[in-house]
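Read the structure below first, then the notes.
The values are calculated or read from the model by the stated rules, or taken from the named source; none is laboratory data. Computed from a predicted model, the values in this text were never measured in an experiment. FYI the Cβ positions are ideal-geometry reconstructions off the backbone, even for glycines, and counts take in every protein chain you see.
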Amino acid sequence: MTAALLDILVGESSIGLYVLDADLRRIPDGMDGVPAPGEAGAGADPSLAAALATPEVRSLLRRALKEDRSVHQVRCTVHPPHATAREGRVLSVSARPLHDRDRRPLGIAVTLTDTTATERAQRNLELLGRADTMIGSSLDVFRTAQELAAIAVPGLADGAAVDVLDVVFHGNAPPPGPLLEPATVRRAGFVTVVDLKGHAIYEVGSVRVMQPGKPYAHALADLTPRVVNDLSEDDAAAWLSRDPGRAALFRSVHVHSMVLVPLAARGVVLGLAAFYRAGDSEPFDDMDADVAQKLAARAALSLDNARLYTRERTLARIAQRQLLPGRVPTTWAVETAHAYLPVAAGGSWFDVIPLPGARVALVAGDVWRSGLRAATAMGQLRTAVHAFAAMDLEPVELLVRLHELTATAVVEEATSDLLAQGDGLNHDAVDTDDASPASCLYVVYDPVNRECQAVSAAHPPPVVTPSDGAPYTLDMPVGPALGRGTAEYRLTTFPVPAGSVLALFNQGLVRGRGRAEDGLAALVRALAGAPRRPLKALRDRLMTSVLPEGAEDDALLLLARTRGLGPNHLAYWELPDDPRSAGRARRLVAGRLTEWGEDALIPSAELLVSEVVTNSVRYAEGTIGLRLIRADSTICEVTDSVSAAPHLRLADDTDEGGRGLYLVSRFASRWGTRYSARGKTVWFELPHD
């Protein structure tokens, strides 16, 4: 019974059980009738018995006998006799010295367990675990490919090369399915522990066409991994003969085995990963191919994420360029120059908006997000600013309305995201913290009184360089971000002499990489002497000074050099609330236009100013203000104490009146109304010849 039980335990297991004498010689008859392991009837791997003769195991057993102590599961790497260098095995050795009843040594009982496969499986699991943490640390194709190559060498291979389809770098993808035509690939990652001995290889970044008729193209054609173990054999010369450079490299460094794995994710073919073994490394087998395929699958998903990110960034940049002003308007009030670096494809924007009365609005804004959604939000905000500016709203009111509009958009965005998640509409669950907040700086410059009004929603204040002074950052209150908190904004009014330079910018400009000093301080310092420099040359100097090593986010800079309107460009009169004021207004305007050499405008100007002044006399009380401005066009403004808005209407043929504003709209290039605490101003513009 005992012999039968031991025969099952020994004969049907992968454990080798051996009895050796004190000189480490096997006892041929075994013990108590149990056949010696390795003989007929014992099922242990015969190669385990050969491991007893290796120096590693014999050294361990001698030490156990000498010290008369047992050893338990000691790891030992051995190379049995007649085995090649690639055929090393990992054993777990346990041994117990044997004694007679008088404690005299008789020999030693040894168990040998081949743990090569177990340790290999454990190493593969650890390798895949490291891959989960290392691969895909960024949304960069080159970095992801290099991470795949680095994790595979030396854990899986002696060398690894990752080739990615060239279209992937542009955010595109080939048609679904296998690639049957020659594919243009770019080397994106390469790592090796083998000395290449000066042989040329495809460098990272190089582009080539993967020709058919080779295992690489075959793997892409059927999207099936391949194990090729005959690279050192004569029958491999058929396809290698068509690639003499690769053949010479393989022979020189003794490459004998490779695994080719297509990189594909979400039905999109992205490229190919090739793993190589050389020299004394064991050839690849199916287990290795399985590990390589799992590594490639992890990397392919990250590569596709990078491709989609690149695609969205490309679309965002296209949208951004289309939504930003293609040409900055030329105005009398300011000379402008700008620079914009869309590094992160975010939602930064700027604007120069001509306003009535020869004024101009300078705008800088930022949507605190990147991608297509940020570009879309930027376009909406920019359109809203233009619409509110066309209404000639006061700066604070404009920003309050922009805040309310953004808050509504933020709630709609958060609600849309919630519905997209399939959670249903629960107003308590709507979270606006992840929506796209924005900042905005709105500055209005008036060349008549030579002063600015500025208001900010979480945007950096401008840097002001007076024509006769040193640059400084404007000390102004900064309100909450658009769409966040309560819309509490305060207006800052400050004088700006003609010839001064205003610098509007975003955080990306003063947060560039590789800067040794504070970015804002660098900007202020670089603006010294700005009024004396050509504005475009100043712009270039600022960009190189503030961003010595480039931007890490979208960088925006808008420069404006102010101009002033002197007495030769301005006229102002006060008229009494009297029906005869219309005739006096005609004479005053005609006389000043004659002085300015604008005789061609006199008929239209007399007609229109007479109609507008007549309306003020009819509906308003008190003094009427009349101002004439000569700038990009001739501007006429009539101010009265009534805040009610005039309405344009079409009079019937039989009506004796009601055609005043209709005539203004027909003869003026632009007209409108703006309001103040003292009433309203109706203005119209007449273009110069």
Name the single residue that is surrounded by the most Cβ atoms within 10 Å (Cβ to Cβ) among those in region 111-135 being more than 30 Å from L60 (Cβ to Cβ) and among the charged types (D, E, K, R). R130
Starting from residues that are closer than 23 Å to S257 by Cβ and within 24 Å of the chain's Cα centre (by Cα), keep the ones in region 291-310 and report whichever is surrounded by the fewest Cβ atoms within 10 Å (Cβ to Cβ). A297
Index of the failed condition, R373 passing every other in (1) touching a Ser or Thr at 6+ places or on another chain (Cβ under 8 Å); (2) more than 30 Å from R630 (Cβ to Cβ); (3) crowded, with 20+ Cβ neighbours inside 10 Å: (3)
Within region 626-671, which residues are modelled with pLDDT under 80 and farther than 15 Å from L608 by Cα? A644, A645, H647, R649, L650, A651, D652, D653, T654, D655, E656
Is it the case that some residue within region 353-364 is under 22 Å from E488 (Cα atoms) and either at pLDDT below 90 or of a type in the set (G, A, S) (or both)? yes
Neighbours by Cβ (under 8 Å, 6+ apart or cross-chain): first from region 207-224, touching a residue at least 60 places away in the same chain (Cβ under 8 Å); second surrounded by fewer than 19 Cβ atoms within 10 Å (Cβ to Cβ) and of a type outside the set (D, E, K, R): M210/P182; M210/T184
Would you mind finding the one in A64, A36, A50, A42 that is modelled with pLDDT under 50, surrounded by 13 or more Cβ atoms within 10 Å (Cβ to Cβ), under 23 Å from V90 (Cβ atoms) and assigned by TED's automatic domain parsing to the domain that holds L91? A42
Take A221 and decide whether it is on the phi < 0 side of the Ramachandran plot and out of contact with any helix residue (DSSP H, G or I) (no Cβ under 6 Å at 6 or more places or on another chain). yes
Taking the condition modelled with pLDDT of 90 or more, out of contact with any Phe, Trp or Tyr (no Cβ under 6 Å at 6 or more places or on another chain) and farther than 18 Å from D230 by Cβ, does P262 pass? yes
Condition test on L538, is it of a type outside the set (S, T, Y), buried (at least 18 other Cβ atoms within 10 Å of the Cβ) and in a helix (DSSP H, G or I)? yes
Answer residue from region 249-290, given it is among the hydrophobic types (A, V, I, L, M, F, W, C) and outside any strand (DSSP E or B) and is surrounded by the fewest Cβ atoms within 10 Å (Cβ to Cβ) among those: M287
Is it the case that R313 is under 27 Å from the mean Cα position of the chain (by Cα) and surrounded by fewer than 18 Cβ atoms within 10 Å (Cβ to Cβ)? no
Among R327, R298, the single one that is closer than 29 Å to G371 by Cβ, of a type outside the set (A, V, I, L, M) and touching a residue at least 24 places away in the same chain (Cβ under 8 Å) is R298
Is region 310-329 home to any residue that is at pLDDT 90 or above, farther than 14 Å from V164 by Cβ and not in a loop (DSSP other than H, G, I, E, B)? no
Per-region count, region 211-248, residues within 19 Å of L179 (Cα to Cα), surrounded by fewer than 19 Cβ atoms within 10 Å (Cβ to Cβ) and of a type in the set (A, V, I, L, M): 2
Out of all the residues in region 555-577, which are assigned to a loop (DSSP other than H, G, I, E, B), in contact with an Asp or Glu (Cβ under 8 Å, 6 or more places away or on another chain) and over 30 Å from N615 (Cβ atoms)? R563
From R563, R587, grab the single residue that is among the charged types (D, E, K, R) and exposed (fewer than 14 other Cβ atoms within 10 Å of the Cβ). R587
Among the residues of region 356-367, is any of a type outside the set (S, T, N, Q), touching an Asp or Glu at 6+ places or on another chain (Cβ under 9 Å), assigned to a helix (DSSP H, G or I) and crowded, with 23+ Cβ neighbours inside 10 Å? yes
Which condition breaks for R208 when tested against (1) over 16 Å from A299 (Cα atoms); (2) assigned to a loop (DSSP other than H, G, I, E, B); (3) modelled with pLDDT of 85 or more? (2)
Filter region 616-629 down to the residues that are in contact (Cβ under 8 Å) with a residue 24 or more places away in the chain and either surrounded by 19 or more Cβ atoms within 10 Å (Cβ to Cβ) or over 58 Å from the mean Cα position of the chain (by Cα) (or both) and list them by number. S616, V617, Y619, A620, E621, G622, T623, I624, L626, L628, I629
Hey, among the residues in region 417-460 that are at pLDDT 55 or above and polar (S, T, N, Q), which one's farthest from L565 (Cα to Cα)? S436
Could you tell me how many of the residues in region 136-146 are closer than 18 Å to K294 by Cβ and surrounded by 24 or more Cβ atoms within 10 Å (Cβ to Cβ)? 2
